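Every number in this text was worked out from the coordinates using simple rules, so none of it is lab data. For clarity, every value in this text was computed on a predicted model and none was experimentally measured. Because the Cβ atoms are built from the backbone with ideal geometry, glycine has one as well, and the counts that use them run over all protein chains shown.
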Amino acid sequence: MTSHSQGIQQLLQAEKRAKDKLEEAKKRKGKRLKQAKEEATAEIDHYRLQREKDFRHKQSNNQGQTSTHSSIACFEEKALFLEAGIEEGLSFSESSVENLEEEECPWKRQKQVTGNLIMGSQGNLSTKIDEETTGKIQNLNSNYHRNLESVLGHILNKVYDFSPELHPNYVYTI
């Protein structure tokens with residue numbers, strides 16, 4: 001009987017060790033997932049900031065405004081300031097950012113100079129794209145009308161001017 005209870009005791013201990021190992025594995029998996037999520041979030045934020053910086057640079061070039069190193073630095077400074085505040089759990093509205101003192105936020109002067117460039121206004125950019133598109137469409141239409149007759153003439157000449165002859169592989173049998 002004692003060997004039977006001893007066997008049960010060993011089974012219970014083995015089961016407890018297995019549960020402990022499973023719990024440890026779940027904790028490790030949770031830590032790995034949390035770390036991967038944090039790394040992915042950081043990478044996404046970095047990529048987003050880079051793309052926004054590139055977009056602002058292209059947008060300022062498209063609007064005919066020269067973007068100097070200092071204006072890009074101001075944009076980056078504002079983005080870093082807001083990002084640091086968001087990471088600390090702060091929330092910003094546009095009005096709260098505008099209410100900051102000019103000495104505290106040097107990008108405010110740049111915002112006043114460039115107007116709605118920082119706000120992401122694409123009015124001028126979209127009208128420029130629309131004008132370019134309209135010009136291209138007009139160019140295509142004029143080319144179409146100019147070349148219509150000659151292309152149709154070529155096609156009709158190819159259709160009507162043919163000489164009927166038998167294929168070389170055709171064998172005439174009686």
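Assorted remarks:
- A simple spin-label model places the labels of Phe55 and Asn141 3.3 nm from each other, with each point 7 Å out along Cα-to-Cβ.
- Between Lys19 and Tyr170, the contour length at 0.36 nm per residue exceeds the alpha carbon distance by 46.0 nm.
- Pairs of lysine residues in region 1-58 that meet both criteria, 8 or more places apart or on different chains and Cα atoms under 25 Å apart, total 17.
- Cβ-based exposure ranking for His154, His57, in which fewest neighbours within 10 Å come first: His154, His57
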